[in-house]
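Trainee: Okay, handing you the structure first.
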Amino acid sequence: MDASIIIVNYNTRQLTLDCLGSVYASVTSYTYEIIVVDNASRDDSVQAIQKAYPQVQLIANRDNTGFAKANNQGIKVAKGRYILLLNSDTMVHPDTLHTMVGFMDRHPEMGASGCKVILPDGSLDKACKRGFPTPSASFYYAFGISRMFPDRPKFNQYQLGHLSPDDEYPVDCLVGAFMLVRRETIDQVGGLDETFFMYGEDIDWCYRIKEAGWGIYYYPRTYIVHYKGGSARRKPMKIIYEFHRAMWVFHRKHYAKRYGLLTNTAVWFGISLKFSLSLISNKLVRPGPQKESASGHTAAVHETSSEVKT
């Protein structure tokens, strides 16, 4: 088996069916399997997927275990030389699987790779190529300095806005919506860290992959479409909490020992301030219908996670 494609589903029946359809429309000589992990959906997703695609290996959880743990369940039963994390709210291009597996076969030094990810309006999902969220990179991004100086690498360490999305190059981080990872790499660094319930697991995984000496590459010779939340809407408290908790978990795990008390305190207060402002802003948003999206998040959650995802 060349590739194992893992899709986590949570009340995203139609999105997941559409995603599966796009994968099965792939034009490739590589062999692949699809593993869907359902996190206790209430919308008859399991029955619908089994009926439409009986060839899919489906794991039905009794509880919502979170994005990281559900993907790890899929990884444990996967047989492929490569593992592809794929969000259920995506549509892959017919050549995506063939192009990306071919790239990895030609570059055995790469532990993970990602393609271009675009939004339905044709714009780039900036989360598909990122630097690590160091304290300085996060500061420049959070306070808009990166937008003030879009061509200065120093101020664009996180979203890499100074680099063309049409060029290929090594990066620090990919997005969990599409991440192709080598089996040997996973055997070495382990699976996703389940401390992260629904955010930050992709950046943490990329960090560990690079620490282990593997390369990570952005390869925009093919693309997927990511149907994320389009308009702002009120989010559940748990979503806002988990989003900001993940920021601190990542910093504490990878950066706290490198910096002194002053920097770590500043980071903690910065995250706390952002959390407070997000709660206030969320209260001011008029409630609207929330379309459930991939991997246990609402569509609005995906919109938020792509912006920072730490």
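Trainee: I'd like the residue in the range 1-36 that is among the aromatic types (F, W, Y) and surrounded by fewer than 21 Cβ atoms within 10 Å (Cβ to Cβ) and, out of all such residues, is nearest to M179 (Cα to Cα). Quick ask: steps written out before the conclusion?
Mentor: Our first condition is that a residue be among the aromatic types (F, W, Y); within the range 1-36, this holds for 10, 24, 30, 32.
Within this subset, residues satisfying the condition of being surrounded by fewer than 21 Cβ atoms within 10 Å (Cβ to Cβ) are 24, 30, 32.
Details: Y24: 18, Y30: 17, Y32: 15 Å.
Checked the range 1-36; the qualifying residue nearest to M179 (Cα to Cα) is Y32.
Trainee: Within 13 Å of the chain's Cα centre (by Cα) and of a type in the set (V, I, T): which single residue out of I240, I203 fits that description? Break it down stepwise before answering.
Mentor: Values: I240 fails: within 13 Å of the chain's Cα centre (by Cα).
Going through I240, I203 in turn, the sole match is I203.
Trainee: Among the hydrophobic types (A, V, I, L, M, F, W, C), crowded, with 20+ Cβ neighbours inside 10 Å and over 30 Å from D105 (Cβ atoms) - does that describe any residue in the range 199-211? Full working, then the answer.
Mentor: So the first thing to find is which residues in the range 199-211 are among the hydrophobic types (A, V, I, L, M, F, W, C), and the list is 203, 205-206, 209.
Then keep just the ones that are crowded, with 20+ Cβ neighbours inside 10 Å; that gives 203, 205-206, 209.
This time we only want the ones that are over 30 Å from D105 (Cβ atoms), so: none.
Looking for residues that are among the hydrophobic types (A, V, I, L, M, F, W, C), crowded, with 20+ Cβ neighbours inside 10 Å and over 30 Å from D105 (Cβ atoms), one finds none in the range 199-211, hence no.
Trainee: Would you call A177 of a type outside the set (V, I, T), crowded, with 23+ Cβ neighbours inside 10 Å and within 22 Å of G270 (Cα to Cα)? So that I can check it myself, show each step before the final result.
Mentor: Numbers: of a type outside the set (V, I, T): yes; crowded, with 23+ Cβ neighbours inside 10 Å: yes; within 22 Å of G270 (Cα to Cα): no.
In short, no.
Trainee: Got a sec? Which helices (runs of 4 or more DSSP H) wholly within the range 1-98 have at least 1 residues that are of a type in the set (A, V, I, L, M, F, W, C) and either without any contact (Cβ under 8 Å) to a residue 12 or more places away in the chain or within 23 Å of G114 (Cβ to Cβ) (or both)? Let's see the steps before the verdict.
Mentor: On the way: elements: 13-24, 45-52, 67-77.
Counting at least 1 such residues, we get 13-24, 67-77.
Trainee: Taking G176, is it on the phi > 0 side of the Ramachandran plot and not in a helix (DSSP H, G or I)? Give the derivation first.
Mentor: Values: on the phi > 0 side of the Ramachandran plot: no; not in a helix (DSSP H, G or I): yes.
So G176 does not fit the description; no.
Trainee: When the residues of the range 37-50 are narrowed to those that are of a type outside the set (S, T, Y) and within 11 Å of R13 (Cβ to Cβ), which ends up surrounded by the fewest Cβ atoms within 10 Å (Cβ to Cβ)? Steps first, please.
Mentor: Start the filter on the range 37-50 by keeping residues that are of a type outside the set (S, T, Y), which leaves 37-40, 42-44, 46-50.
Within this subset, residues satisfying the condition of being within 11 Å of R13 (Cβ to Cβ) are 38, 42-44, 46-49.
Values: D38: 24, R42: 9, D43: 15, D44: 11, V46: 18, Q47: 12, A48: 15, I49: 23.
Across the range 37-50, the extreme among qualifying residues is R42.
Trainee: Yes or no: Y217 aromatic (F, W, Y), assigned by TED's automatic domain parsing to the domain that holds S123 and surrounded by fewer than 20 Cβ atoms within 10 Å (Cβ to Cβ)?
Mentor: In short, no.
Matching residues to (1) among the hydrophobic types (A, V, I, L, M, F, W, C); (2) out of contact with any Cys (no Cβ under 8 Å at 6 or more places or on another chain); (3) at positive phi:
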| residue | (1), (2), (3) |
| --- | --- |
| V37 | yes, yes, no |
| A52 | yes, yes, no |
| F67 | yes, yes, no |
| N87 | no, no, no |
| H93 | no, yes, no |
| H98 | no, yes, no |
| V101 | yes, yes, no |
| M104 | yes, yes, no |
| P120 | no, yes, no |
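Trainee: Right, here's the next one. Which members of the range 113-139 meet the condition of being out of contact with any Gly (no Cβ under 8 Å at 6 or more places or on another chain) and of a type in the set (S, T, Y)?
Mentor: The answer is S113, S123, T134, S136.
The values are calculated or read from the model by the stated rules, or taken from the named source; none is laboratory data. What you see is a predicted model; the values in this text were computed from it and never measured. Note that each Cβ is placed from the backbone with ideal geometry, even for glycine, and that neighbours are counted across all protein chains shown.
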